[in-house]
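Structure, as C-alpha cells:
The values are calculated or read from the model by the stated rules, or taken from the named source; none is laboratory data. Since we're looking at a predicted model, the values are computed, not measured. Methodologically, a virtual Cβ is constructed for each residue, glycine included, from the backbone with ideal geometry; neighbour enumeration extends over all protein chains shown.
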Ligand SMILES: Cc1cc2nc3c(=O)[nH]c(=O)nc-3n(C[C@H](O)[C@H](O)[C@H](O)COP(=O)(O)OP(=O)(O)OC[C@H]3O[C@@H](n4cnc5c(N)ncnc54)[C@H](O)[C@@H]3O)c2cc1C
C-alpha cells in the first residue's frame, strides 16, 4: 500500500502506474481535481528532445491522452517583427488541464479509478504519513514586495533559489491560427521571460512568464497592459470569452537526490523545472512514473530521472543564465537574425551557435 500527497500531474502519474500492482491512496488538499489550473492549455516542448512526447507517452503506457500538435511557431520581437518557424513534426504538443473530459487530469484520474485508487479530497497530507511527495511548487517566501498576487500552491519552505512566475488567462473563441503557438519577447510584458498564446482546439491560454522577481507584484498590471497595448494580442482576444485567470510562482533548482528521508519527491516538489522556459509538465509525468517503477521493481529512482532528463535541466540552467541578461534590443537583433530561417534544423543550428557565444 502506497500513500501519495498531491493529485497533480506527478501524483496522478505515479498513482496510475502503481495501482496496476498495488493499493494506492492519494491525498489532495483541494476539494477537486485540477482546481488550480482552470481550463489552462499547457505546451509540452517537442523540438530538440530525445524522443517524441507522444511516443514516450505510449511507451510508458499512457494511452488516449488528448494532445493538440503545434506545427508553427511565431516569435515576435518587442517591435512585433516576426519570425515564423514551420515543422512537419510537432514543435510542441499542447495539453488541456483542469476538469474537462479532454484534460490530462481526467485521463489519469479515470485510469486510477479503474484500478481502485482511493482519493481523499480536501485534506492536506501529513508528510510523515505518506511515501510519495507530489505537492507541486513549494511555498516561496518573498520579502519586501508587499501583498503577493498569487495563491500559494506548494508545501515546505523554499530556500534562496531563483524563481519563475506567471500570470495569465484562459479564453474560448479567440482568433488564432490553428496548430500555431505565438511567443512574444518584451521585457515590458514578460520580465526576463516571454508571453505565450497557446491553443487547444477552441481553448486558448495567454500567459506572461517572468523570471525577474522584483517585477512579480506588478504582474496583473503588466499582463493587462500587454493585452491592451499589443495589437496582435488585442486582435486575438477581440470577441473571445475569458473563462478564468491564474497566477503562480515557484522556485527551480537541481536536486542531487530526489529521495529525502526515504520519501520519493516527484514533479515540482523535487525541483524538476526547466529553467530557461519554465517547462515542468513532462518532468512531472515522467518522475511520477519513475517513482512508481522504483517502488514496484526496486529500481534506483535517482538514476532513472537523471538518465532521462538531468541533462535537459542542466542545459536549461545554462541557457537561463544567458537569457537573464537579455534586453529588448537583444531580442530585436535575435529575431532579425532568425527572421529568414523557417525550418527547425537550420534554426537549431543557428540558435545553438548564438547561445554558445
Ligand atoms: C499556470 C501554470 C502554467 C504552466 N505552464 C506550463 C507549460 O505550458 N508547460 C510545461 O511544461 N509546464 C508548465 N507549467 C509547469 C507545470 O505545470 C508543473 O511543472 C507541473 O504541473 C508540476 O506537476 P506537479 O505534480 O509537481 O504539481 P501540480 O500539478 O502543481 O500538483 C500538485 C498538487 O498537490 C496538491 N497539494 C499541495 N500541497 C498539498 C498537501 N500538503 N497535501 C495534499 N495535496 C497537496 C495541490 O493542490 C496540487 O493539486 C505551468 C505551471 C503553472 C502553474
Next item on the list: Filter the stretch 202-220 down to residues that are out of contact with any helix residue (DSSP H, G or I) (no Cβ under 9 Å at 6 or more places or on another chain), more than 16 Å from the ligand (Cβ to nearest atom) and over 12 Å from residue 247 (Cα atoms), then give me how many there are.
Entry: 3
Next item on the list: Output the residues belonging to the stretch 45-73 that are surrounded by 15 or more Cβ atoms within 10 Å (Cβ to Cβ) and either in a helix (DSSP H, G or I) or in the same structural domain as residue 281 (by TED's automatic domain parsing) (or both).
Entry: 53, 54, 56, 57
Next item on the list: Identify all residues within the stretch 250-271 that are near the ligand (Cβ under 9 Å from one of its atoms), part of a loop (DSSP other than H, G, I, E, B) and at pLDDT below 90; write none if there are none.
Entry: none
Note to self: Given (1) modelled with pLDDT under 90; (2) part of a helix (DSSP H, G or I), identify the lone condition not met by residue 274.
What the structure shows: (2)
Next item on the list: Please go through the stretch 99-118 and pick out each residue that is surrounded by 15 or more Cβ atoms within 10 Å (Cβ to Cβ) and more than 23 Å from residue 244 (Cβ to Cβ).
Entry: 111, 112, 115, 117, 118
Notebook entry, point to check: Of all residues in the stretch 268-302, how many are in contact with a strand residue (DSSP E or B) (Cβ under 9 Å, 6 or more places away or on another chain) and at positive phi?
Noted result: 2
Check: Applying the selection to the stretch 18-33, what residues are more than 6 Å from the ligand (Cβ to nearest atom) and surrounded by 24 or more Cβ atoms within 10 Å (Cβ to Cβ)?
Finding: 18, 24, 26
Next item on the list: Tell me, please, whether a residue that is assigned by TED's automatic domain parsing to the domain that holds residue 81 and in a strand (DSSP E or B) can be found in the stretch 217-240.
Entry: no
Margin query: Name the single residue that is farthest from residue 206 (Cα to Cα) among those in the stretch 34-67 being within 14 Å of the ligand (Cβ to nearest atom) and out of contact with any helix residue (DSSP H, G or I) (no Cβ under 9 Å at 6 or more places or on another chain).
Written below: 35
